[in-house]
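**Q** Structure provided below as structure tokens; questions to follow.
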Amino acid sequence: MSAPGTSTPGQERTTLLCVPFAGAGPSFFHPWQQLAGDRWRVTSVELPGRERRFLDPPYRNVVEAAKGEIDAVAADLGEGARTVLFGHSLGAVLAYELTHLLGARGVHVERLVVSGSPGPWTQRERRAAGLEGDEFLARVEEFAGFRHEALDHPEMRELILPTLQADCEMHEAYVPSTDVPVPVPVTSLRGDRDGLVTAQEARQWRDATTAGFGYAEFPGDHMYLVDLGREVLDVIEAESARER
């Protein structure tokens, strides 16, 4: 898990648990701690193959990743903790699997916020898995509408590429562990120019919950959240208040 911020799991403040997208690590969400102010304690899942866990082999299966990380996630949150889960793209389906598992660990999930993702039962038609080198990166950049500057440096590229390929492989092969919807409210977010996920697909998450459902769009493409962290947090807060 990433640095937990200034509060402890037993405190009243709800935790916003962020689940990174393909190739990303907890550091992407570090600025969100300041943006969140006193609304949430912000923490994130720290997957193998990146940052402090760089030397650990990355997962290649979403369900296995959720099962492999649930102990660390539950320990960081603390029993009885109130939690909102946020996941973008790959992070959305991993957050969905974690939501299923957290209830059995005594963690109260108040809301699941999924971003840039079709419903969990819908797989992409166009894929990057199996491509190599420049062809793989070009496909990922086409999908995301975004290219990380580290990929322009040969040494960094060689370090990042294996994890990014593993992430894409497990995302594109994802099959939910269960057909049972989660019993918590779900909010689906999308960039209004996302060429990877249509508005109709983003609304498929309505069928993944037996509780309330909300939907919101932001200006931007698949990686809209890079520049709109504050706006995303404001919508999460508004959606949470609507259900109370």
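Values quoted throughout were computed directly from the atomic coordinates according to the rules given, and no laboratory measurement underlies them. Treat the numbers as computed from the prediction; the structure is a model and nothing was measured. Cβ atoms come from the backbone with ideal geometry, glycine included; neighbour counts cover every protein chain shown.
**Q** Order by neighbour count: TRP32, TRP121, TRP40, fewest other Cβ atoms within 10 Å first, most last.
**A** Details: TRP32 21, TRP121 12, TRP40 26.
Sorted ascending by nearby Cβ count, the order is TRP121, TRP32, TRP40.
**Q** Tell me, what ³J(HN,Hα) does each residue in the stretch 97-111 have, in order and in whole Hz, if you take phi through Karplus 6.51 cos²θ - 1.76 cosθ + 1.60 with θ = phi - 60° and put x for Gly and Pro?
**A** Each residue of the stretch 97-111 in turn: 5, 5, 4, 4, 7, 5, x, 6, 9, x, 9, 8, 8, 7, 6 Hz.
**Q** Decide, for the stretch 26-102, between rounded, prolate and oblate: order the square roots of the alpha carbon gyration tensor eigenvalues as a ≥ b ≥ c, take rounded if a/c falls under 1.5, and otherwise choose prolate if a/b is larger than b/c, else oblate.
**A** Numbers: a/c = 1.71, a/b = 1.26, b/c = 1.35.
It comes out oblate by the Cα gyration axes.
**Q** Hey, another quick one. Sort HIS88, HIS108, HIS100 so that the residue with the fewest other Cβ atoms within 10 Å of its own Cβ comes first and the one with the most comes last. Working shown, then result.
**A** On the way: HIS88 27, HIS108 14, HIS100 21.
Least to most surrounded, the residues fall as HIS108, HIS100, HIS88.
**Q** Give me a comma-separated list of calculated 3J(HN,Hα) values for the stretch 220-236, in order, Karplus coefficients 6.51, -1.76, 1.60 applied at θ = phi - 60°, integers in Hz, x for any Gly or Pro.
**A** Ordered by residue, 3J(HN,Hα) equals x, 9, 4, 9, 3, 5, 4, 9, 10, x, 4, 5, 4, 5, 5, 5, 4 Hz.
**Q** So, one more: Using θ = phi - 60° and the Karplus relation 6.51 cos²θ - 1.76 cosθ + 1.60, list the HN-Hα couplings for the stretch 62-75 in order, rounded to whole Hz, with x at every Gly or Pro.
**A** Per residue, the Karplus-derived 3J(HN,Hα) values read 5, 5, 5, 4, 4, 5, x, 9, 4, 4, 5, 5, 5, 5 Hz.
**Q** Moving on. Could you list MET156, MET223 in order of exposure, starting from the residue whose Cβ has the fewest other Cβ atoms within 10 Å? Let's see the in-between values first.
**A** Working: MET156 13, MET223 21.
Listing MET156, MET223 from fewest to most nearby Cβ atoms yields MET156, MET223.
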